[in-house]
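One structure below.
The values are calculated or read from the model by the stated rules, or taken from the named source; none is laboratory data. Remember, predicted model here, so these are calculated numbers, not experimental data. For neighbour counting, all protein chains shown are included, and Cβ atoms are generated from backbone atoms with ideal geometry for every residue, glycine included.
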């Protein structure tokens, strides 16, 4: 009781202290009434840690949902977020909550949902599920939306090799999981394909099960600074929220960084945008949009759908114009990858 | 953190020998000796980054949040309140620090706001543990959860409306100024780049610690002697420490134990909040959800490492920060060179055990371990990535396990105190 009283006091005090800050904005995340006419689609979305507002792949998924809602007149959608350090049971509960609420399709954003989704999907055979970034969970009602990150990373790797003056580039990964390994492997292959003698420094901020490496900009900054200090002039980051630290280090060193997931020369803070050479764009929004569209059309298929270069699921960004001079070479490489002339390994 | 650790030592044997006293000259010699070992390791392995200015500078930056959290823990525990809520107070500090800096357009406003934010966490802890006598661990864990939840809520409320911000992170925070000792920056850089034995290493150390140091870092470093002065050289500090050693005795002498515990716990929160503010304002230049990454707990470990003393705590934080900088900057190569340092240190310990303490069996074991580490160094070129990221933790554990017999926590630490219940 005393503890509860104490906490209540604390919450009030802290709440009051925070209110001086600024305006509040509500996201349209609440389910509204059902539409009229034909039964409307009710879409459920379960985010990974970060959720809406992470300026990364969760936001990208949200953008796909928003576009689909607008285009197909979907009014009823529910979005739930994961919390830092939660267990698989909590993820399961989140999916179950959506399924029991009658939402279908349900999209699980992130490979962390693989285990929980396997369980829940078998409990709700009539509900359509999709999972982003995982193709280990296969079932009749699961669509796996996966990306050929290695292909996009290959292209930015080639760009790094072409642009590096010191013949030394770096890669900062958030957490050493198979997904991030795909970025690294593709990147290195791209660098070596273009210039075999370029040195590549690699660093992962944390090891699983410690996932703090995706949200620790201070570590990202220290790691990138280390690379710049030992001769790198371009660092590619696939480190989620730690990536901001990599950009800070690039700014301080007057060197280049390469963004990831979204076109970060547009989304990162204005002060560091001019240090972003290019970004490996991963179009989670397209995948989410397509999946909802297929549900509307009734053409949804189960199993993996790979969004690769050919499908436009991954790409490199040209914002800022820093790589305009090498675009023809990159386009040529892109063609060769699409045609199968260059095979990019993923692990 | 239980009393079990206390009975291990054999305090009665000690009086025979004069007690070892750490003087500034011994400290300086020790540090130079350590640098000498690092210089040897650098020359042998060629891992130039282990004594580069960049590494020492990064080490300082990584050590500060841990050190500040540790200082927070020190204030609280010296008054007899276990503070496992440091992490939550740090989280509050990261958010309030970022908010203050953005709201008032000055990083120093953020520093103050961060301290206040952390102190609010301290107030909760003080209300719960001192006023209401709640179990310290339970209250601390609750604060860790509350800190996480409150900042998440506040971010949605405040940062989402700002340009460049979102529910999970703040916009970029205006940069804080840095200070350098003028005139020596370039010569030191030149000396460092020559890679001379020891001289370049010393130049790297001095350059890293004197060039482009954030004002916040200087403030944090000054807080260590200030804490020592306040807690060990003033009547106020004596009263706080008496509350942690024997509150009933303090009460009988007219000390208002509740008041002193309150002050200590709120200061503790403020210091942890400063650590958080450093993370968001200086180390990252933005607030990011979850950016503390357990540093509050590491700070607590640094405090225990330092035997509940400010100097030892600073050494613990520095060790952690240095090894963290090594593994983050050059990963496998630097950590591999560190193996040689560990081997040499262990060999020295073995000699000490043999000659000074005449503990033959212990010396042999230490020597064998040293030989094994040396063999590991010689037979490999690098340390696997999976191992490097835990280097700071393993190093800290190693030193702790060697020194744990000597640790002594405040006698009444963690024991709930009720006024007027003297037995």
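Does any residue of segment B:242-265 turn out to be within 14 Å of another protein chain (Cβ to nearest Cβ) and assigned to a helix (DSSP H, G or I)? Looking for residues that are within 14 Å of another protein chain (Cβ to nearest Cβ) and assigned to a helix (DSSP H, G or I), one finds at least one in segment B:242-265, hence yes.
Here is a check on your reading of the model: is residue A:172 crowded, with 24+ Cβ neighbours inside 10 Å, touching a helix residue (DSSP H, G or I) at 6+ places or on another chain (Cβ under 9 Å) and not in a loop (DSSP other than H, G, I, E, B)? Considered against the rule, which asks whether it is crowded, with 24+ Cβ neighbours inside 10 Å, touching a helix residue (DSSP H, G or I) at 6+ places or on another chain (Cβ under 9 Å) and not in a loop (DSSP other than H, G, I, E, B), residue A:172 comes out as yes. More than 26 Å from residue A:249 (Cα to Cα), assigned to a helix (DSSP H, G or I), in contact (Cβ under 8 Å) with a residue 60 or more places away in the chain and in the same structural domain as residue A:294 (by TED's automatic domain parsing): is that true of residue A:112 in this structure? It is true that residue A:112 is more than 26 Å from residue A:249 (Cα to Cα), assigned to a helix (DSSP H, G or I), in contact (Cβ under 8 Å) with a residue 60 or more places away in the chain and in the same structural domain as residue A:294 (by TED's automatic domain parsing).
State yes or no: is residue B:150 more than 8 Å from every other protein chain (Cβ to nearest Cβ), crowded, with 24+ Cβ neighbours inside 10 Å, part of a helix (DSSP H, G or I) and touching a helix residue (DSSP H, G or I) at 6+ places or on another chain (Cβ under 7 Å)? No, not satisfied. Taken together, the criteria place residue B:281 among residues that are farther than 22 Å from residue A:83 by Cβ, outside any loop (DSSP other than H, G, I, E, B) and within 12 Å of another protein chain (Cβ to nearest Cβ). When residue A:128 is tested against (1) without any contact (Cβ under 8 Å) to a residue 60 or more places away in the chain; (2) farther than 30 Å from residue A:189 by Cβ, just one condition goes unmet, and that condition is (1). Screening residue B:93 with (1) more than 8 Å from every other protein chain (Cβ to nearest Cβ); (2) within 30 Å of residue A:265 (Cβ to Cβ); (3) part of a helix (DSSP H, G or I); (4) under 26 Å from the mean Cα position of the chain (by Cα) gives one miss only, at (2). Residue check: residue A:246 meets all listed conditions (1) in contact with a strand residue (DSSP E or B) (Cβ under 6 Å, 6 or more places away or on another chain); (2) farther than 18 Å from residue B:164 by Cα but one, namely (2). Please determine whether any residue of segment B:264-279 is closer than 23 Å to residue B:383 by Cβ, surrounded by fewer than 24 Cβ atoms within 10 Å (Cβ to Cβ) and in contact (Cβ under 8 Å) with a residue 40 or more places away in the chain. Scanning segment B:264-279 turns up no residue that is closer than 23 Å to residue B:383 by Cβ, surrounded by fewer than 24 Cβ atoms within 10 Å (Cβ to Cβ) and in contact (Cβ under 8 Å) with a residue 40 or more places away in the chain. Candidates are the residues of segment A:161-189 that are without any contact (Cβ under 8 Å) to a residue 40 or more places away in the chain and within 23 Å of residue A:327 (Cβ to Cβ); the one that is farthest from the other protein chains (Cβ to nearest Cβ) is A:161. Scanning segment A:86-109 for residues that are within 14 Å of residue A:131 (Cα to Cα) and in a loop (DSSP other than H, G, I, E, B) returns a single hit, A:105. The criterion of at least 1 residues that are facing chain B (nearest Cβ under 8 Å) and in contact with a helix residue (DSSP H, G or I) (Cβ under 7 Å, 6 or more places away or on another chain) is met by the following strands (runs of 3 or more DSSP E) wholly inside segment A:198-268: A:199-206. Each residue in segment B:158-172 was checked for being facing another protein chain (nearest Cβ under 7 Å) and either at pLDDT below 90 or assigned to a loop (DSSP other than H, G, I, E, B) (or both), and 10 pass.
Take the conditions (1) surrounded by 15 or more Cβ atoms within 10 Å (Cβ to Cβ); (2) touching a residue at least 40 places away in the same chain (Cβ under 8 Å); (3) within 21 Å of the chain's Cα centre (by Cα); residue B:176 misses just one of them, which is (3). If residue B:82 meets every condition in (1) touching a residue at least 60 places away in the same chain (Cβ under 8 Å); (2) closer than 30 Å to residue B:411 by Cβ; (3) crowded, with 24+ Cβ neighbours inside 10 Å; (4) touching a helix residue (DSSP H, G or I) at 6+ places or on another chain (Cβ under 6 Å) apart from one, which number is that one? Only one criterion in (1) touching a residue at least 60 places away in the same chain (Cβ under 8 Å); (2) closer than 30 Å to residue B:411 by Cβ; (3) crowded, with 24+ Cβ neighbours inside 10 Å; (4) touching a helix residue (DSSP H, G or I) at 6+ places or on another chain (Cβ under 6 Å) is unmet by residue B:82, namely (3).
Look at residue B:191 and say whether it is modelled with pLDDT of 95 or more and outside any loop (DSSP other than H, G, I, E, B). Considered against the rule, which asks whether it is modelled with pLDDT of 95 or more and outside any loop (DSSP other than H, G, I, E, B), residue B:191 comes out as no.
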